[in-house]
Amino acid sequence: MMAKIVKGGDFKGVVNYILDKEKGTQVVAHDGLFLENKETIAMSFNVQSQMNNKVAKPVGHIALSFSKEDEPRLTNRVMAGIALEYMERMGIRNTQFLIARHFDKEHPHVHIAFNRIDNNGNTISDRNERLRSTRICRELTLKYGLYMADGKENVKRNRLKEPDKTKYELYAILKTETGRCGNWNVLVANLNRQGVEVRFKYKGQTNEVQGVVFTVNSYRFNGSKVDRRFSYSRIDAALQRNRMEEQHDYPRQEQVQPNRINPDKHDRDNFIGDSLGLFASNANNVPEERELYDPYLRNRKKRKKQRKINW
């Protein structure tokens, strides 16, 4: 079970989409709406949203998708019950909503349209909604014994839209390269040849690396957002394991480390992005030597120096 959350300002648009006859729509649950037709439903939503004009996007739209393996047991009644429990756990209560099932795709799914302005004129909180949604979806999947996907390999990539399509292409590239590279220099070079740019995020004004960002097809992704295994620390650990395995089969070779250039504060500010780990798009501000810098080698030397001091 997965959820996709969208917010907007057009109730008429979301109602028309959900009740599109070409999708084989079946309404499975609703509350607080005048259901004569699409126009009256949208009007009901709009009237209540006017109780709080400070909210620019009063439209809540959530698509709940289930695995095809669960289709035989997912009747309209069962899907409505799961959707209502999901809403309750998400704090979407005491407000208007419309839940409808679509049959335009091979996997079962329902769409939830709800008013983010509740029946008392209060705003339904969206704080950390995606984190909460991910946890709740997993809990409900386990509770109802639904099919648990094995991972990203099962995703039908030909049906993905951007930026998800690029994200999964990057996932496949990183999976291959981190499994065979022995250090950051080689990894970065291999990724560059495949159109993937690599940037490191540093902690404050120090040289301590705390994150990595990949850019491909003009889209930027934090490593951990592509997959948890591709955070900076986990990639670094994987490269170390690869290097140790190679040393059992081949003589140790000295690795040439490029000269370091210590950028001034202006260059560093241009290089480091916002708190989410996104970097400035102008790659010309970043010295080439810093892109190819192997953080593991620096950290290893630092640890050795610390051990000598402690002795």
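The values are calculated or read from the model by the stated rules, or taken from the named source; none is laboratory data. Everything numeric here is computed off the predicted structure, so don't read it as measured data. Here Cβ is always computed from backbone atoms with ideal geometry, including for glycine, and neighbour counts include all displayed protein chains.
Odds and ends about this structure:
- Close pairs (9 angstrom Cβ cut-off, 6 or more residues apart or separate chains): assigned to a loop (DSSP other than H, G, I, E, B) in the range 38-58, among the hydrophobic types (A, V, I, L, M, F, W, C) anywhere: GLN50/ILE117; MET51/ILE117; ASN52/ILE117; VAL55/ILE117; PRO58/PHE11; PRO58/PHE45; PRO58/ILE117
- Residue satisfying all of: in the range 24-34; outside any strand (DSSP E or B) and modelled with pLDDT of 95 or more; nearest to ASP104 (Cα to Cα) among these: THR25
- Selection status of PHE103, modelled with pLDDT of 90 or more and surrounded by fewer than 16 Cβ atoms within 10 Å (Cβ to Cβ): yes
- Hey, ARG93 of a type in the set (D, E, K, R), surrounded by 12 or more Cβ atoms within 10 Å (Cβ to Cβ) and modelled with pLDDT of 95 or more or not: yes
- Filter pass, GLU88 being in contact (Cβ under 8 Å) with a residue 40 or more places away in the chain and within 21 Å of LEU146 (Cα to Cα): no
- Within the range 106-140, if we keep just the residues that are assigned to a loop (DSSP other than H, G, I, E, B) and charged (D, E, K, R), the residue that is modelled with the lowest pLDDT turns out to be GLU106.
- So LEU64, is it over 23 Å from the mean Cα position of the chain (by Cα) and modelled with pLDDT of 95 or more: no
- Residues satisfying the stated conditions in the range 161-193, i.e. at pLDDT below 90 and in contact with a helix residue (DSSP H, G or I) (Cβ under 6 Å, 6 or more places away or on another chain): TYR168
- No other residue among LYS68, LYS38 is of a type in the set (D, E, K, R), in contact with a helix residue (DSSP H, G or I) (Cβ under 7 Å, 6 or more places away or on another chain) and surrounded by fewer than 19 Cβ atoms within 10 Å (Cβ to Cβ) apart from LYS38.
- Search result, residues across the range 203-240 that are among the aromatic types (Phe, Trp, Tyr) and surrounded by 18 or more Cβ atoms within 10 Å (Cβ to Cβ): PHE214, PHE221, PHE230, TYR232
- Hey, VAL47 farther than 25 Å from ASN119 by Cβ and modelled with pLDDT of 95 or more or not: no
- Test result for VAL186, among the β-branched types (Val, Ile, Thr), in contact with a strand residue (DSSP E or B) (Cβ under 9 Å, 6 or more places away or on another chain) and more than 27 Å from MET87 (Cα to Cα): no
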